[in-house]
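Working notes, structure below.
All of the numbers you see were taken from the coordinates with simple rules; none came from a lab. Everything numeric here is computed off the predicted structure, so don't read it as measured data. Positions of Cβ are backbone-derived with ideal geometry, glycine not excepted, and every protein chain shown enters the neighbour counts.
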Amino acid sequence: MGIITLKDKSFDTYISKEDIQKRIKILAEELKKDVGDKEPLFLGILNGSFIFASDLIRQCDFPLNISFVKVASYLGTKSSGSVSQLIGLNESILDRTVVVIEDIVDTGKTVEKIDGLLKKNGARDVKYVTLLFKPDAYTKSIPIHYKAFDIPNEFVVGYGLDYNGWGRNTDNIYKIIEE
C-alpha cells in the first residue's frame, strides 16, 4: 500500500484489497438471494471488470454462466463522452436474467448502451453490479442494483481499472494525487 506512480501520474491507496474482498462476499450473498435460483448469465464488461468479475463469480455458489463484452469510453483520465462496442454478445439472452458486472459506473453511458442491447435481445431481467459507483457523476435513470463502494467523482486505478492501460494489476484501488 502507499503511493504508486503510473507513467506521469501518482496515486495514493484508497481502498484496500481486504476491504474489496469483504464487500465482494456481501455482494455475492445479495445476488444469491435475488438471482441464485434463476441460472443467470453474468456479463462482465471488459477490460476493467475482469478481476472483479473473477473474484465475484467465485463467491457465487449457485449455477450461473459468464460471458464478456468489451466497450470503451475513457481517454486518459476523462470519459470520452461516447461508448463504442468493440466485442459483441455471443450468447442468447432471450428470456434470461442477466447480471451485468461493471468495474466502475460514473456517467452511466456504458450502462445505457448495454441496457439497450440486452433489452433489444430479449433479456427477461437485467441487474447491474459494480465495484465502484460515482453518484455525483451518474446522469441516467437505470438503477444500479448492487454497489461495492460509492466514491466521489475522482479518478481511480487498480484492481482492474487503468490509467492509459497501466495499473490494472494492483490488488488495491488508488486515487489520483492532484498536482
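Counting only lysines at least 8 places from Lys9 when in the same chain, those with an alpha carbon closer than 20 Å to its own are Lys78, Lys175. Multiplying the residue separation of Asp12 and Lys120 by 0.36 nm and removing their Cα-Cα distance gives an extension gain of 34.8 nm.
Using C-alpha pairs under 8 Å with a sequence gap of at least 6, the mean separation divided by the residue count of the range 19-153 gives a relative contact order of 23 percent.
Applying 1/(1 + (r/R0)^6) with R0 = 25 Å to the Cβ-Cβ distance of Asp136 and Glu179 gives a FRET efficiency near 0.70. Taking Cβ atoms as reference points and 12 Å as the exclusive limit, the residues near Ala53 contribute a net charge of -2, counting Lys and Arg as +1 and Asp and Glu as -1. Indicate, rounded to the nearest 5 percent, the antiparallel portion of the DSSP beta bridges found entirely in the chain. Here the antiparallel bridges make up roughly 45 percent for the chain.
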